[in-house]
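Asks: Mind having a look at this structure? Questions to follow.
Only the coordinates and a few stated rules stand behind these numbers; no lab work does. None of the values given here were measured: they were computed from a predicted structure. Cβ placement follows ideal geometry from the backbone for every residue including glycine, while neighbour counts extend to all protein chains displayed.
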Amino acid sequence: MARTLTQQLPHDVALGAPRGLVSGGAPLLLQRADGDFIDAVLDEITSVEGRAKLLASRAAARTQRQVLKLFQPIQRQHHLAVLEAWCDTPGTPRVDPARVASAGLVVRRVRRAGGAAEEGWMRSRGRLRGWLPVQRIGGAARDPASQLRLHSGQTGVADIDHELVQLALQREDTLLDEHVVPMFVAPPEVCKAAGKTLYYGLVPTVSGELAETAPVFDEANTFGPESADFRNHLVQALRGEAMDFPLDGESLNPAWTEAAELATTVRPTGVSIDHWNQLRPGGGARTGMQRLLRLLRQLDGEFNAFAGTSPASQALRQQLAAIALPLKLRDGETVARTVSAEAFLRQAAQVLVQRDEQAARPEMPTRWPALPSHQAQALRLALSRAVAERFAQLNPAPGRFDDPAAQYVVRAFVRLKPECGCPARIVWSEATEPFVIAPWFEGSGAPPVRISLPDITEPGLLRSLKPNVSFTVPPALQNLLSGNPKDLMEGKKPPDGGITIGWICSFSLPVITLCAFIVLSIFLSLFDLIFKWMAFIKICIPFPKKGE
């Protein structure tokens, strides 16, 4: 059907940073530390002087590699995306806000392996799916809302459209929804004074959301069982190499751990003089015992070899059970004795790592034999699968901004209402410059939070510092704290018995803060001998005392 002369075709809409401030088709990213920063931004953008001030607050912090850096709210910095919409026609007039149904922005993660690619934070059917490639929703320019994508491009014939929708719903990605932050149009008086149709939205840099999908352990495929990094981090025995055991033929003693690891000249309780001479600093068995402890801790902690019930843990135990460790020949013995590595290491972990006084104390073998190449390879494969499973257990849900090295971009959009017989459509801005999110502990340049400490010389101060916080102390902890402080500092276990009832202990929170400050100052000075950090992390300046 031909259009009459009175009909007007809808023209294109352009999006980008407010013209006159910066050029480009991406939103303008601002960094603000003022309290009511939204009202301040809207006020500044209406005047020439204000726009100069606004431009000075453009996000500009960078890493050492010159990557743009945004901060978190805990660092007392907020980031605002500002966008202008104008008609892409001669004269480029501003868009009538009545034409816009909604506006929003998305924060996308940028993947650069094999070329830049964007990922969106997605959810589907009530599940938080996490970061997924935007190609899963049809590309970077498709609508982030699944229902709007689902019903776009319909034929207008009810039966056909119904069948098309049912067919689309059979695909897994059809109902993926990308997280959208709403953008708001500036008040009419602001748009009129600025001569622009402006939108603004808060850029999120922190999130408590956790994806329901498990993270990938070795996403870059650089930590496989035969990789140099994986092999080098293993103790010699787990690499399949021969390794001698210390104090062979002796029954394991939980006190050996303390003797081998503490730099003390005092023989620990429970260690014989002969064993102490071998395990003390400079002793011939000290290095071997420390190596055995690393082996036990790797198996027990990293690989969950002994307590795990999963197929990966069971497969690892089978590999260890196939390794025979020779035992020392006793007087009169002529037939060699062996013990399976799985049985010995499991019991040794209870005695030496868990320090269980009641556990059975196995005999120390003489050595771990060098394994044939096929057996060593099978052991490393089992270890690799076990640590991947351990990683999934300890990292069940990746957070939205957990990756400190990840880079992100912001894209904004407006949804235009149907007009002139044409359907509704979405218009996207360009992506911003890639940025990283600063870790929470990094300084942002904002003024520090000031905490006033009590003046301990002030008369009557102690009477005013009433207890205002309470701790519920279980009997075992109270029994530990009520013992001899010297024994506690030396790591000696308190005697059994004593206190058998719980306690509620109340303290003054200002006094706790004061004690923490004093202890912090002492330890900062001690650690400064190692890290030489005092000039960077502590600044003290005098100030005059206020008059009475």
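Asks: If amide hydrogens are placed 1.01 Å from N in the peptide plane, which non-local residues have theirs closer than 5 Å to the one on residue 102?
Replies: The list, which skips near neighbours in sequence, is 415.
Asks: Mean separation of Cα pairs under 8 Å and 6+ residues apart, divided by the residue count of the range 228-394: what relative contact order is that in percent?
Replies: Taking the mean separation of contacting Cα pairs over the length of the range 228-394, I get 35 percent.
Asks: Within a 10 angstrom radius of the beta carbon, how do 137, 539, 45 rank from fewest other beta carbons to most?
Replies: Ascending Cβ contact count within 10 Å gives the list 539, 137, 45.
Asks: Next question, about the same structure. Evaluate the relative contact order of the chain (contact order divided by residue number), counting alpha-carbon pairs under 8 angstrom at least 6 apart; express in whole percent.
Replies: 18
Asks: Read phi for every residue in the range 192-205 and hand back ³J(HN,Hα) as whole Hz from Karplus 6.51 cos²θ - 1.76 cosθ + 1.60, θ = phi - 60°, with x for Gly and Pro.
Replies: 5, 5, 7, x, 8, 8, 10, 10, 9, x, 7, 8, x, 10
Asks: Treating the range 7-69 as a set of equal point scatterers at the Cα positions, no solvent, please give the Debye-formula log₁₀ I(q)/I(0) at q = 0.15, 0.23 Å⁻¹.
Replies: Rounded to two decimals, the profile gives -0.59, -1.03.
Asks: To continue, here is another question. Tell me, 37, 245, 531 in order of fewest to most beta-carbon neighbours within 10 Å?
Replies: Starting with the residue having the fewest Cβ neighbours, the order is 531, 37, 245.
Asks: For the range 253-332, what is the Kirkwood hydrodynamic radius in Å, using each pair of distinct C-alpha atoms?
Replies: After inverting the pairwise mean of 1/r, the radius is 14.8 Å.
Asks: OK, next. How large is ³J(HN,Hα), in whole Hz, for each residue of the range 410-415 in order, when computed from phi with the Karplus curve 6.51 cos²θ - 1.76 cosθ + 1.60 and θ = phi - 60°, using x for Gly and Pro?
Replies: Result, ordered by residue: 10, 10, 10, 8, 10, 9 Hz.
Asks: At q = 0.14, 0.16, 0.25, 0.31 Å⁻¹, what is the log10 ratio I(q)/I(0) for the range 340-381, with the Debye formula run over Cα points and no solvent?
Replies: Results for the range 340-381 at q = 0.14, 0.16, 0.25, 0.31 Å⁻¹ read -0.43, -0.53, -0.86, -1.04.
Asks: Determine, at each q value in 0.06, 0.11 (inverse angstroms), the log₁₀ of I(q)/I(0) that the Debye formula gives when each Cα of the chain is one equal point scatterer.
Replies: Here log10 of I(q) over I(0) equals -0.55, -1.17.
Asks: Right, here's the next one. Karplus couplings for the range 443-450 from phi (6.51 cos²θ - 1.76 cosθ + 1.60, θ = phi - 60°), rounded to Hz, Gly and Pro as x?
Replies: Once rounded to whole Hz, the list reads x, 10, x, 6, x, x, 6, 9.
Asks: Further question: How large is the Kirkwood hydrodynamic radius of the range 228-394, counting all unique pairs of alpha carbons, in Å?
Replies: Hydrodynamic radius (Kirkwood, Cα pairs) of the range 228-394 is 16.6 Å.
Asks: Let me ask something additional. Return a single number: how many Lys pairs in the chain, at a sequence separation of 8 or more or on separate chains, have alpha-carbon atoms below 21 angstrom apart.
Replies: Here the count comes out as 4.
Asks: Sort 199, 408 so that the residue with the fewest other Cβ atoms within 10 Å of its own Cβ comes first and the one with the most comes last.
Replies: Ranking 199, 408 by Cβ neighbours within 10 Å, fewest first, gives 408, 199.
Asks: Note the angle between two axes, namely the Cα long axis of helix 158-169 and the longest principal axis of the Cα atoms of the chain, as a number of degrees from 0 to 90, rounded to the nearest 10.
Replies: Long axis of 158-169 versus the principal axis of the chain: about 20 degrees.
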